[in-house]
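**Q** Before anything else, here's the structure in question.
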């Protein structure tokens, strides 16, 4: 293990360097616990991970409690001895991990952490135990070196992130007063590229539907009936084809009405990122990209809403030929949303659109299956300024602003309930295999992350 | 059992009336043999049905042979003692039946024939043992009453019709000289309505394809990638939506080029049929019919080509929401063809169309799975005139000309190889459950059919 972390703050840096081996040893311990939240046979392991974390937070001086939920418990740790008037920072992370299967594709076992080529391989290394650990040890560094923290700190770690954070929103609502804070900090995302610290400033929302088209009361012989009966599968195809204009724009009336343009500075920042479009195309194995004309790929992925087919099913799908005129057809269709689109509004627009374009002779239904609001950080304010300075010092360059095409619903919940800005600052990297075999986190990112997050607290009150 | 058959020809009619009980008793024997060609556990039964039929044909004076094929055998029976210069008629039928399942939906067991309300219920009653039996007994009547037949007759009965007549075309080719004839007569179809004798004058052909659209090399997260990658399921929907114009016409370039219009007299005849459109709509359970504007329903079903989706499959099709951007999408698409469309030409046009409309960013393939030529009778000539007279006498009204939207590939094979016109004259009825539980044939239709088919031979040389 080589030591290449920069000298950012002599006192914290020295402590972190001196304790480097122990920091990783303990992280290895954490990673060895197979806290697979999705598997009931791992319930005891998941509880053990919570207890292990509880003990570590208590040991560094946090008042710690493990609070049951209807699912896996939340570990809540508080340190409230900052000077009067000091702000409060809430750190969120999760101690549960994805299932490790398929096991045979792991180079070293999923729950036996191993470092190769500067990468720490283990299930949970980057998602999210390793990133949560960065915060715990940054707090320990502050407390060990100075005996105090410059801000009040709340840590909450849940055990159900990988199964949908089902009980977290209710938890945050229930404990809203106790969780009151000036900023939320989450490290559960990735940097744009090695060496480029990144602040994640936007997440897309979701409005997911099942569209069903019903025709005749049973499957018909396509010879005996074809040509006089409206074919539900063809009707579905025609309905889906009306959802985009030829230029890739979504054609649902009113779809873009609530889209608030991203600030020019953010868009300009995205355009300046060293995005390897050829590599992206190669990785996907496609001959060309698609989507809205006149937008860059990152703009499409991070700042623009979509309408995608996620699934199709109708009639005969086995081998060979069966001459059936299907009685029904089904599509799963979902829209990714950007601020200020609302899943409830999109549901109304989708239903109106489908109703408008559905042909006579079939019955069409649009059933909403899932919805989540989009999110965007303002990027102004103390916590963002502090993060910029801390990351710049730890990584030796200014952070970039990135977006994420997917959704992290809990981010919106924190912001809504706690009325506090959320800083998403992640230390993963592209290709980290977060939900796949050979998940890893960069050892260098852990070291720089420790220093950045330790420094964040100082910068927050600077 | 009431006897209501008309007096058409005193000598034949008297014999048929006198032998009515035996005719049905023997048919019951035939129907009790579960000759399910699709099931190997019934192979012995299928052989037994062939042997039974062989014996009956031999007993009435036919030189009979049971000829093996790679599948179930063909029973070939010949009577060639007509006066010099007399024409030869070939009767085709099949002794195999559909599987009887689901057994629990039969009112009386599938292989225990029972008559209720003038309907003879049994698997194979109408498809096709009962209709084949009409010909066998009409021949017996002629031979019993007069000791001779006015024409030479060949009967061939195959045992693989319900599994695609796989070996029949080769059989007809191989025995083409022996099967040489002036007309082919087949009773394996239905009358337009009770009391309305019908000549089936057209069958649609088929060109069946599997269309696959491939995008990224694996399924992607629709959040992380949606909006920048061409979605194969959406691309497939857009491709399918280009296959029809808004007025229901198929939009594939050149699709109608080879369509030879049906004679005005045939179209006028179809328009004059007492078609119960409201009943048809009710039976299907739809709110409206579809297809090409400006055509009647029967015209659409019998005289116009189609393009139908038979199946769709892509991405996630289970319960609930999964945010997948599918790597591929598949549609089964088939065209029903009318004379003189050719499946090979349609394959070329379909491929050209799909290639033309496929978007960049996905790979599209069109694989032909099955093809069959359409067929249309000229309706002129001795056998059709004879059939018209015989049916009119037996049923007390002129026959109507009907079409069929499905395909019977063997009809085209007979015409092509034997260069003889094919008369399709069926005695089934709508709702006869040919491939379903409670299959039946009208007892009255059997009696009238016996008389009509006995008389056909006389009329053929009149």
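The values are calculated or read from the model by the stated rules, or taken from the named source; none is laboratory data. Here the structure is a predicted model, which means the values were calculated and not measured. As a convention, Cβ positions derive from the backbone with ideal geometry for all residues, glycine included, and neighbour counts pool all protein chains shown.
**Q** Quick one: which of B:284, B:267 is free of Cβ contacts under 8 Å to residues at least 12 places away in the same chain, surrounded by 13 or more Cβ atoms within 10 Å (Cβ to Cβ) and under 25 Å from the mean Cα position of the chain (by Cα)?
**A** After ruling out the rest, the residue left standing is B:284.
**Q** Could you figure out which of (1) closer than 23 Å to residue B:372 by Cβ; (2) in contact (Cβ under 8 Å) with a residue 24 or more places away in the chain; (3) facing chain A (nearest Cβ under 7 Å); (4) outside any strand (DSSP E or B) isn't true of residue B:350?
**A** It is condition (3) that residue B:350 fails.
**Q** So residue B:439 fits all but one of (1) surrounded by fewer than 18 Cβ atoms within 10 Å (Cβ to Cβ); (2) in contact (Cβ under 8 Å) with a residue 12 or more places away in the chain; what number is the exception?
**A** Exception for residue B:439: condition (1).
**Q** Which number in (1) more than 23 Å from the chain's Cα centre (by Cα); (2) at the interface with chain B (Cβ under 9 Å from one of its Cβ atoms); (3) over 25 Å from residue B:243 (Cα atoms) marks the one condition that residue A:254 misses?
**A** All conditions are met except number (2).
**Q** Would you check if residue A:359 is surrounded by fewer than 20 Cβ atoms within 10 Å (Cβ to Cβ), outside any loop (DSSP other than H, G, I, E, B) and touching a helix residue (DSSP H, G or I) at 6+ places or on another chain (Cβ under 7 Å)?
**A** no
**Q** Something else: Considering only strands (runs of 3 or more DSSP E) fully contained in segment B:1-115, which possess at least 1 residues that are in contact with a helix residue (DSSP H, G or I) (Cβ under 9 Å, 6 or more places away or on another chain) and more than 19 Å from residue B:185 (Cβ to Cβ)?
**A** B:63-67
**Q** Looking at (1) touching a helix residue (DSSP H, G or I) at 6+ places or on another chain (Cβ under 6 Å); (2) buried (at least 19 other Cβ atoms within 10 Å of the Cβ); (3) closer than 30 Å to residue B:331 by Cβ, which is the only condition residue B:408 fails?
**A** Unmet condition: (1).
**Q** A further question follows. Inspect all residues belonging to segment B:414-430 and state whether any of them is modelled with pLDDT under 95 and within 14 Å of another protein chain (Cβ to nearest Cβ).
**A** Checked segment B:414-430: at least one residue is modelled with pLDDT under 95 and within 14 Å of another protein chain (Cβ to nearest Cβ).
**Q** In the set A:291, A:227, which member is touching a strand residue (DSSP E or B) at 6+ places or on another chain (Cβ under 7 Å) and facing chain B (nearest Cβ under 7 Å)?
**A** None of the other options fit; the residue is A:227.
**Q** Might you let me know whether segment A:367-383 holds any residue that is surrounded by fewer than 17 Cβ atoms within 10 Å (Cβ to Cβ), more than 14 Å from chain B (Cβ to nearest Cβ) and more than 23 Å from residue A:424 (Cα to Cα)?
**A** no
**Q** If I go through segment B:211-224 residue by residue, how many of them are more than 7 Å from chain A (Cβ to nearest Cβ) and not in a loop (DSSP other than H, G, I, E, B)?
**A** 5
**Q** Somewhere in segment A:225-247, is a residue in contact (Cβ under 8 Å) with a residue 60 or more places away in the chain and surrounded by fewer than 16 Cβ atoms within 10 Å (Cβ to Cβ)?
**A** no
**Q** Next question. Report, by residue number, each residue of segment A:315-336 that is buried (at least 24 other Cβ atoms within 10 Å of the Cβ), facing chain B (nearest Cβ under 7 Å) and either out of contact with any strand residue (DSSP E or B) (no Cβ under 6 Å at 6 or more places or on another chain) or under 30 Å from residue A:202 (Cα atoms) (or both).
**A** Answer for segment A:315-336, where residues must be buried (at least 24 other Cβ atoms within 10 Å of the Cβ), facing chain B (nearest Cβ under 7 Å) and either out of contact with any strand residue (DSSP E or B) (no Cβ under 6 Å at 6 or more places or on another chain) or under 30 Å from residue A:202 (Cα atoms) (or both): A:332, A:334, A:336.
**Q** Looking at B:458, B:385, can you tell me which residue is closer than 20 Å to residue B:131 by Cα and in contact with a helix residue (DSSP H, G or I) (Cβ under 9 Å, 6 or more places away or on another chain)?
**A** Result of the check over B:458, B:385: B:458.
**Q** Restricting attention to segment B:303-314, does a residue exist that is in a helix (DSSP H, G or I), more than 8 Å from chain A (Cβ to nearest Cβ) and surrounded by 17 or more Cβ atoms within 10 Å (Cβ to Cβ)?
**A** Yes, segment B:303-314 contains at least one residue that is in a helix (DSSP H, G or I), more than 8 Å from chain A (Cβ to nearest Cβ) and surrounded by 17 or more Cβ atoms within 10 Å (Cβ to Cβ).
**Q** I would also like to ask the following. Can you name the number of the only condition in (1) under 28 Å from residue B:150 (Cβ atoms); (2) surrounded by fewer than 19 Cβ atoms within 10 Å (Cβ to Cβ) that residue B:40 fails?
**A** Among (1) under 28 Å from residue B:150 (Cβ atoms); (2) surrounded by fewer than 19 Cβ atoms within 10 Å (Cβ to Cβ), the lone unmet condition for residue B:40 is (1).
**Q** Return yes or no: is residue B:353 modelled with pLDDT of 95 or more and surrounded by 17 or more Cβ atoms within 10 Å (Cβ to Cβ)?
**A** yes
**Q** Restricting segment B:230-251 to residues that are in contact with a strand residue (DSSP E or B) (Cβ under 6 Å, 6 or more places away or on another chain) and in a loop (DSSP other than H, G, I, E, B), which is nearest to the other protein chains (Cβ to nearest Cβ)?
**A** B:231
**Q** Could we say that residue A:197 is within 14 Å of chain B (Cβ to nearest Cβ) and either under 24 Å from residue B:325 (Cβ atoms) or touching a residue at least 12 places away in the same chain (Cβ under 8 Å) (or both) here?
**A** no
**Q** Could you count how many residues in segment A:388-401 are out of contact with any helix residue (DSSP H, G or I) (no Cβ under 7 Å at 6 or more places or on another chain) and not in a loop (DSSP other than H, G, I, E, B)?
**A** 2
**Q** When you scan segment A:444-454, do you find a residue that is touching a strand residue (DSSP E or B) at 6+ places or on another chain (Cβ under 6 Å) and more than 14 Å from chain B (Cβ to nearest Cβ), even just one?
**A** no
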